[in-house]
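For reference, the structure is listed below as structure tokens.
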Amino acid sequence: MSEKLLEVHNATKIYKQGKRDVVALQDFNLTLDKHPASIVTIAGESGSGKSTLAKLVLGFEKLSSGRILFEGQDMTRASTRELKEYRRKVQAVFQDPFGVFNPYYRVEHVFEMVSKNFRLFQSDSQSRDHIEEALNVVGLQGEAVLRKYPHQLSGGQRQRIMIARAYLLKPKLIVADEPVSMVDASLRASILDVMIRLRDEEGISFLYITHDLSTAYQVGDQIFMFYQGAIAETGNATDVITHPQHPYVQLLIDSVPKPDPNIRWQGDIELPPDEEMRTSSKNGCRFYPRCPKRMNHCESNFPQLYQVGNPGHEASCFLFDGKVAGTPAPSV
């Protein structure tokens with residue numbers, strides 16, 4: 001059996017908009033080992049392709065090209081039975097914890113449906129014991145939440161219930177798409193702590209989708225910084241966030257206000273232009289129209305990932321190609 005948990009090879013997703021192609025994700029590669037479990041962060045601004053990747057991994061969307069392997073098996077060719085087993089092992093936690101619930105049913109219905117669909121337990125008493133265990137893992141008790149309706153719970157409670165529902169299946173991977181963006185700041189730390197404990201104590205890996213670099217820094221082991229469907233920079237989360245190398249990632253991190261009342265925010269905010277470089281999978285660097293360090297070569301050539309620091313730290317920029325870096329740049 002493969003020692004790799006998840007392998008994504010050259011994953012590409014192209015959507016049709018009339019006569020125009022929009023590249024949502026281009027030639028994305030990812031390898032996630034079975035052991036040790038890890039939290040891989042997929043970060044970037046809205047529309048960068050983060051959620052597209054999540055949908056592809058979960059099987060909600062089909063690849064335009066490429067492959068996704070789970071434990072060595074190509075899931076693009078899996079049978080119905082194999083897909084059901086895959087969905088047991090790969091669970092999702094979504095951004096809106098209220099939208100997942102049916103408001104007509106009590107919270108216990110969420111767990112009952114999972115138990116019946118996957119035939120997890122042999123008796124009602126066994127089911128109740130495991131549901132209580134799952135709730136305890138996320139800091140809740142069955143008697144406090146199971147008989148309530150979704151609107152009677154806080155956003156933090158609803159999100160932790162979704163994590164408990166995923167944990168009930170004992171998955172190997174949880175795809176968490178912006179799981180704390182709709183939760184009060186005071187509760188974010190508790191949910192992130194649950195993710196860390198599930199990684200360390202239960203051996204569950206995460207694909208953590210976020211636009212929040214502070215939480216990415218807090219919980220991520222590896223990070224992929226996306227820009228318009230392509231990887232701008234990847235590596236150890238600490239390395240990338242503290243020592244960014246790609247011009248886009250540098251600008252993104254520099255834009256985060258410093259928590260110091262004596263430092264004034266200088267300059268104006270510039271909105272990005274239309275995604276003019278995203279209509280072809282082989283057109284030049286996505287960041288070319290906005291890049292302060294752009295070169296002529298960048299306009300018509302797509303950069304590969306170059307080693308820029310510690311092992312695994314890579315950036316998709318021709319600044320790190322010795323043969324190209326001397327090319328003169330047009331005025332910005």
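What follows draws every value from the coordinates through simple rules; no lab data is involved. No experiment lies behind these values; they were computed from the predicted model shown. Here the Cβ is made from the backbone with ideal geometry for all residues, glycine too, and neighbour counts use every protein chain on show.
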Item to check | Residue pairs, from the table 50/89; 4/323; 4/84, whose Cα atoms sit over 26 Å apart | outcome: 4/323
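Could you sort the peptides 10-20, 314-324, 97-107, 238-248 by per-residue average Cβ neighbour count (10 Å cutoff), highest mean leading?
Values: 10-20: 12.6, 314-324: 19.1, 97-107: 15.1, 238-248: 20.8.
Top to bottom by mean Cβ count within 10 Å: 238-248, 314-324, 97-107, 10-20.
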Checklist entry - How would you classify segment 74-192 from its alpha-carbon gyration tensor, with a ≥ b ≥ c the square roots of the eigenvalues: rounded for a/c under 1.5, else prolate if a/b is greater than b/c, otherwise oblate? => result oblate
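Please give the FRET efficiency for residue 304 paired with residue 185, using the beta carbon to beta carbon distance and R0 = 45 Å, rounded to the nearest 0.05. Working shown, then result.
On the way: r = 39 Å, r/R0 = 0.86.
The computed FRET efficiency comes out at 0.70.
Does segment 150-196 classify as rounded, prolate or oblate by the C-alpha gyration tensor (a ≥ b ≥ c root eigenvalues; a/c under 1.5 gives rounded; else a/b over b/c gives prolate, otherwise oblate)?
Working: a/c = 2.08, a/b = 1.37, b/c = 1.52.
The shape class here is oblate.
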Next on the checklist: Can you report the principal axis dimensions of segment 147-252 using only the alpha carbons, biggest first, rounded to whole angstrom?
Outcome noted: 51, 27, 24
Item to check | Sorted largest first, extent of the chain alpha carbons per principal axis (Å) | outcome: 72, 54, 42
Next on the checklist: Distance cut-off 27 Å, Cα to Cα: go down the list 55/148; 13/116; 13/172; 16/293; 148/172 and report the pairs above it.
Outcome noted: 55/148; 13/116; 16/293; 148/172
Checklist outcome for this item: Counting only Cβ distances under 4.7 Å between cysteines, those in the chain with no partner are 291, 317
